[in-house]
Amino acid sequence: SRLHSHSGPSRSGSSRRISLHNPRAQARPRPPRQSSARRAASMFCCCKEETVETETAQEPVVPAVELLQAEEPAAWGKVEEPQAPQEFQALLQRVGENSPYGWALDLLNRNALYIDSLVGDASAPVATYNRSAAAGKDIRAGDYITRVNGTSGSARELSELLFTNMQTQVTIQRPSTYVVEVSRGDKPLGMSLNHTPKGKHLCIVKVRDGLLQEQAPEASKGHRILSVNGKNMSSRDLLDELKCSSLKLVILRAPVV
């Protein structure tokens, strides 16, 4: 195992002991409590649970995502102290009740919103904020929103708070990434994963006994696998890449809430 820390977010193995499947029973996501006007600015993105090895985890309820146009190996069991995540406040101004912010969000983390991508035109509130933001305090894909107008809560609650005012202050958190190298052969990794249908990363929802816990104890619930073996791909392709006997994973730490 090799474990390297970095700042900022950035086949030839046997798969006989890995079972990748989607649960057949899908819970219908409940819409957030918004007015019909606000709901017009949002769409619901249903997350599908993927399980590595044989465990099936429960599917989370996922509310709105905006609808826009548009060396030496580290000793096993030793965990490096992570860098404190960068955190700053951003004030965003919308021009109308139905105006989108200019980002796409997912709600895979329990107490934070993940900024999956920046979308929309130059007049969107996020793009407007970024043009005058101080160095290093621009909003980026891969950042988390941990509070809205100073209030913390579940991902669902945060998504609802975004639409309570025309002017909104968000707390942005930018955790660091780290790299893990795992030699697994045909042994199980020991983790359950979740992803959005069009996502490009995998969220760790559970770590069990297995190679990941043994060789990379830093990896834990809420962390996100951004790439596998240097490949940035769709979440489903990342799942296939995890079948390789040797793995190099770039992982984003969970937000500190």
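The values are calculated or read from the model by the stated rules, or taken from the named source; none is laboratory data. Quick caveat: nothing in here was measured; it's all calculated off a predicted structure. We place every Cβ from the backbone using ideal geometry, glycine too, and count neighbours over all the protein chains shown.
Structure notes:
- Within the range 137-153, the set of residues being under 15 Å from GLY102 (Cα atoms), surrounded by 15 or more Cβ atoms within 10 Å (Cβ to Cβ) and small (Gly, Ala, Ser) comprises GLY142 only.
- Residue check: PRO175 meets all listed conditions (1) modelled with pLDDT of 95 or more; (2) touching a Pro at 6+ places or on another chain (Cβ under 8 Å) but one, namely (1).
- For the range 135-145, the criterion of a residue being more than 13 Å from the chain's Cα centre (by Cα), part of a strand (DSSP E or B) and over 15 Å from LEU107 (Cβ atoms) is satisfied by no position.
- Selection count where residues are in contact with a helix residue (DSSP H, G or I) (Cβ under 9 Å, 6 or more places away or on another chain), modelled with pLDDT of 65 or more and in a loop (DSSP other than H, G, I, E, B), scope the range 60-95: 2
- Residues in the range 81-136 that are surrounded by 12 or more Cβ atoms within 10 Å (Cβ to Cβ) and charged (D, E, K, R) were compared, and the one that is farthest from TYR178 (Cα to Cα) is GLU97.
- Going through (1) assigned to a loop (DSSP other than H, G, I, E, B); (2) within 15 Å of the chain's Cα centre (by Cα); (3) aromatic (Phe, Trp, Tyr) one by one, TYR178 falls short only on (1).
- Flag for ARG156 being in a loop (DSSP other than H, G, I, E, B), charged (D, E, K, R), within 16 Å of the chain's Cα centre (by Cα) and surrounded by fewer than 22 Cβ atoms within 10 Å (Cβ to Cβ): no
- For first residues located in the range 237-248 and within 17 Å of THR196 (Cβ to Cβ), partners that are among the charged types (D, E, K, R) and lie 6+ apart or on another chain with Cβ distances below 8 Å form the pairs ASP237/LYS231; LEU238/LYS200; LEU238/LYS231; LEU239/GLU50.
- Meets criteria (over 19 Å from SER246 (Cβ atoms) and surrounded by fewer than 21 Cβ atoms within 10 Å (Cβ to Cβ)) for GLU214: no
- Any hit, the range 204-221, residues being among the polar types (S, T, N, Q), closer than 19 Å to ARG110 by Cα and modelled with pLDDT of 90 or more: yes
- The set of residues in the range 228-257 being assigned to a strand (DSSP E or B) and surrounded by fewer than 21 Cβ atoms within 10 Å (Cβ to Cβ) consists of LYS231, SER246, LYS248.
- The set of residues from the range 229-257 being under 15 Å from the mean Cα position of the chain (by Cα) and within 15 Å of VAL179 (Cα to Cα) comprises ASN232, LEU249, VAL250, ILE251, LEU252, ARG253, ALA254.
- When residues of the range 184-199 are limited to those that are outside any strand (DSSP E or B) and touching a strand residue (DSSP E or B) at 6+ places or on another chain (Cβ under 8 Å), the one surrounded by the most Cβ atoms within 10 Å (Cβ to Cβ): LEU189
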